[in-house]
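Step one of this worksheet: look at the structure below.
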Amino acid sequence: MLVELSFSEEKYRKLIADIGEIRKKIFSMKDDDEPLTAKVIERRAGTKLSMANLIVELSNACTGARDLLVKSHEQNIYLQGKIDAVNQIKTQNDQLAKDLKEDVSEMKNNAIKTMKEIHEKKRSFADIVGSSKSLVVPMKKAMKEIEKDASKSRNVVVHGLALSGENEGDDRVDEIEEMIDQVVEVASATDRKIEIDDFDFLGKLGDTTSGRIVPVLVKFKTDEDAKLVMRGKKYLKNSSFHNVFITPDMDMEERDKQRQLVKELKKKISDVPDKHWFIRNGRIVSRDKIPSI
């Protein structure tokens with residue numbers, strides 16, 4: 001904000017000039033080599049009135065000069081206050097500039113540090129991705145195994161089905177499908193309809209017109225239906241399908257293991273006929289036979 005100062009140098013010079021003129025008038029009352037004394041003024045002034053007027057003029061001029069000097073001093077104090085305030089603002093601005101410079105420097109250092117950390121993490125991530133590529137194939141294989149196991153849990157294999165020999169071509173497939181429905185109905189031992197999703201032949205059906213056919217893989221909608229049929233397969237012994245038996249869906253390795261278990265089971269039955277031998281949870285177990293009454 002600009003401040004208009006009331007001090008006028010021109011006015012001050014005029015007052016000084018007025019005082020000089022009054023001084024000349026006073027000194028004009030004496031001779032050049034005569035000292036200025038009260039007696040000289042009284043003798044040369046003419047009248048007391050003229051002397052009084054000179055004194056009044058001199059007094060007024062001095063008072064005006066004094067007032068101007070007082071105002072000048074006050075304005076100097078005011079201006080000095082403004083200068084001090086400006087200096088204080090400048091000091092504050094200098095401190096702010098210094099703080100800002102330090103903040104910018106710190107931000108720059110933090111940004112550099114962050115970029116280094118991101119770079120390190122990117123390298124680490126790249127290393128992880130690179131090493132994980134070698135795991136992709138095993139993981140895919142494991143996922144396929146899991147899917148395969150989940151699918152197998154919904155399947156059973158029916159062995160020993162025999163054709164009547166009365167049908168040919170597609171009619172034989174229809175006959176097999178009807179027999180599978182009957183076997184499932186007996187094994188499930190429930191009034192609830194067990195839905196068969198699909199079935200496949202585990203081998204070539206061939207040109208057989210009579211006799212037993214290759215095992216049939218039966219696929220159910222849920223694994224609960226497959227478990228129900230597996231639990232009730234014992235009911236087939238007392239039905240027209242007493243020569244039919246049901247096993248879980250197994251891969252080649254599991255079939256080889258099951259085949260070995262069956263071989264060992266037959267040997268146990270032959271060697272220890274007084275016990276009832278059977279396979280449970282992949283193991284050969286026995287119990288005492290119930291004597292006939």
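Just a few scattered comments:
- The stretch between K237 and K90, if pulled fully straight at 0.36 nm per residue, gains 42.1 nm over its current Cα-Cα span.
- Net charge contributed by nearby residues that have their C-beta within less than 15 Å of D288 (K/R +1, D/E -1): +3
- Cα gyration tensor shape for region 216-293, rounded if a/c is under 1.5, else prolate or oblate: oblate
- Computed label-point distance, nm, for sites V70 and L202 using a 7 Å Cα→Cβ extension: 12.6 nm
- Local charge for A65 was computed over the other residues whose Cβ lies under 12 Å away, with Lys and Arg +1 and Asp and Glu -1, and equals +3.
- For K98, the shell of other residues with beta-carbons less than 13 Å away shows a net charge of -3, using +1 for Lys and Arg and -1 for Asp and Glu.
- If you sort F201, F220 by accessible surface, 1.4 Å probe, largest first, the order is F201, F220.
The values are calculated or read from the model by the stated rules, or taken from the named source; none is laboratory data. Predicted model, so just to flag it, every value in this text is computed and none were measured. Methodologically, a virtual Cβ is constructed for each residue, glycine included, from the backbone with ideal geometry; neighbour enumeration extends over all protein chains shown. Side chains included, ligands, DNA and RNA excluded: accessible areas come from the protein's heavy atoms. Shrake-Rupley method; radii C 1.70, N 1.55, O 1.52, S 1.80 Å.
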